[in-house]
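Notes for the one structure printed next.
The values are calculated or read from the model by the stated rules, or taken from the named source; none is laboratory data. Quick caveat, the model's predicted, so the values are computed rather than measured. Here Cβ is always computed from backbone atoms with ideal geometry, including for glycine, and neighbour counts include all displayed protein chains.
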Amino acid sequence: MREFRYRRPADVDEAVALLGEDPEAAYLAGGTNLVDLMKLGVQRPDLLVDVTRLPLDAVEPLPDGGLRVGATVRNSDLAAHPVVRRDYPVLARALLAAASGQVRNMATTAGNLLQRTRCYYFQDTGKACNKREPGSGCAARHGQNRDLAILDWSEQCVATHPSDLAVALAALDAVVEVAEPDGTRDVPFVKLHRSPGEHPERETTLRRGALITAVRLPPLPAARRSTYLKVRDRASFAFAVGSVAAVLDLDGDVVRDVRLAYGAVAHRPWRAYQAEAALRGRQFTPELAGQAADAELAVARPLTHNGFKVPLIRAVTVRALTELAESRA
Ligand code: SF4
C-alpha cells in the first residue's frame with residue numbers, strides 16, 4: 001500500500017479546501033470500500049481527509065414531513081431509525097440487504113453511495129480497465145460479465161453500481177446536499193451518478209473536492225407501502241445480481257402512484273420511468289406489472305453471460321408490486 005498522509009478537518013469548509021488543494025487526496029468515512037481498494041493498489045491517495053468527526057451524523061425530521069439524513073450516519077443506525085422503518089421501509093430493507101452487520105456498523109450514507117463497482121477486472125490491477133486506468137480497455141466487455149450491466153453500458157465500460165441504498169433513494173426521489181469550494185448545492189439523486197459513456201472513470205456529477213453533507217428524503221406518504229427485493233448468489237453478504245425498489249399507491253385497484261428503481265443492471269441506479277408510466281392510472285394486476293417491466297427492459301442489451309437478468313428483473317418487479325398490492329388487506 002502506498003504511504004499516505006492523514007488529516008482530520010475541523011469543519012466542512014476545511015475538508016473541502018483540503019481536497020481542493022491536493023488532486024490525489026480522498027475523503028475517508030467508514031473506509032469499508034476505500035481501504036480495501038487501497039490495499040489492492042486500485043486507489044492510491046496520498047492524503048486521506050477523515051470526515052467521520054464532522055457534525056454530519058444526525059437524522060432530522062424536516063418541517064415538510066421529509067427526513068434529512070447526515071452523510072456520516074452509519075448504515076445500521078439509518079436502517080434502525082423508527083421514522084425510516086415507518087415511513088420509508090424500502091430504505092430500511094435496502095440497507096439491511098447490504099453487506100454484513102459489522103460492515104453496516106461502519107459504512108456511512110455518503111460512502112455507500114460513492115462506493116466503487118465490484119467488477120472483477122476493476123479490482124485486478126493486472127487487467128485492462130478503463131475505469132481504473134482510462135484508455136487501457138475493458139476486459140469485462142468480452143470476459144466474465146455475468147454480474148454486469150444490461151442497460152446503458154458503453155464499449156468503454158459495462159460495470160454496474162453496487163449500492164442497494166442508492167436504488168431505494170432513486171425510487172424515493174431523494175436530493176443530495178453537496179458542499180463545494182464555491183458554496184453548496186442540491187443534486188437530484190437520479191442525477192448524481194453518470195452513465196459510463198466515453199469516461200467511465202467519472203462516476204458522478206460531483207466536482208473535484210465536493211463533499212456530500214446530507215441526503216434529503218421528500219415527504220412521500222405512499223412510501224409507507226414500499227419494499228426492496230434483492231436477488232443474490234447467497235443469502236447474505238453478497239452484492240445484488242438484480243434488485244428492485246418499489247413504492248405502490250393504489251386507489252381501489254387503480255395505480256395512483258408508483259415508483260420503481262432497478263439495481264445491478266447499469267452503471268447507475270436505474271429509475272424505471274417507462275415501467276411507472278405503463279402502470280400509472282391503470283387497474284393493477286400482476287400481468288400489468290409484467291408488461292410494465294417489459295416496457296422498461298425493451299432497451300436492455302444483455303452481454304455474453306447475463307441474458308438471464310432480463311427475465312429476472314421482470315420477475316422481481318412482478319413479485320415486488322404484487323406483494324405490495326396484496327399487503328393492503
Ligand atoms: Fe473496468 Fe468497467 Fe470494463 Fe469492469 S466493465 S473492466 S470496471 S471498464
With criteria (1) of a type in the set (Lys, Arg); (2) more than 17 Å from ARG93 (Cβ to Cβ); (3) within 19 Å of the chain's Cα centre (by Cα), ARG282 comes up short on (3)
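Within the stretch 226-265, count every residue that is of a type outside the set (D, E, K, R) and in contact with a Pro (Cβ under 9 Å, 6 or more places away or on another chain).
Initially, the stretch 226-265 is screened for residues of a type outside the set (D, E, K, R), giving 226-229, 231, 235-248, 250, 252, 254-255, 258, 260-265.
In the following step, the residues that additionally are in contact with a Pro (Cβ under 9 Å, 6 or more places away or on another chain) were identified as 226-228, 239-240, 245, 261-264.
Result for the stretch 226-265: 10.
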Every listed condition ((1) within 16 Å of HIS267 (Cα to Cα); (2) among the aliphatic types (A, V, I, L, M); (3) away from the ligand (no atom under 16 Å from the Cβ); (4) part of a loop (DSSP other than H, G, I, E, B)) holds for ALA235 save (1)
(Q) Take ALA174 and tell me if it is within 14 Å of the ligand (Cβ to nearest atom), on the phi < 0 side of the Ramachandran plot and out of contact with any His (no Cβ under 7 Å at 6 or more places or on another chain). (A) no
With criteria (1) in contact with a Cys (Cβ under 9 Å, 6 or more places away or on another chain); (2) closer than 29 Å to ASP13 by Cα, PRO196 comes up short on (2)
Filtering helices (runs of 4 or more DSSP H) wholly in the stretch 1-81 for at least 2 residues that are in contact with a helix residue (DSSP H, G or I) (Cβ under 9 Å, 6 or more places away or on another chain) gives 75-80
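Within 16 Å of the ligand (Cβ to nearest atom), at pLDDT 95 or above and surrounded by fewer than 19 Cβ atoms within 10 Å (Cβ to Cβ), is that true of SER163? Steps first, please.
Numbers: within 16 Å of the ligand (Cβ to nearest atom): yes; at pLDDT 95 or above: yes; surrounded by fewer than 19 Cβ atoms within 10 Å (Cβ to Cβ): no.
No, not satisfied.
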Of the residues in the stretch 135-145 that are within 9 Å of the ligand (Cβ to nearest atom) and in a loop (DSSP other than H, G, I, E, B), the one that is farthest from HIS305 (Cα to Cα) is SER136
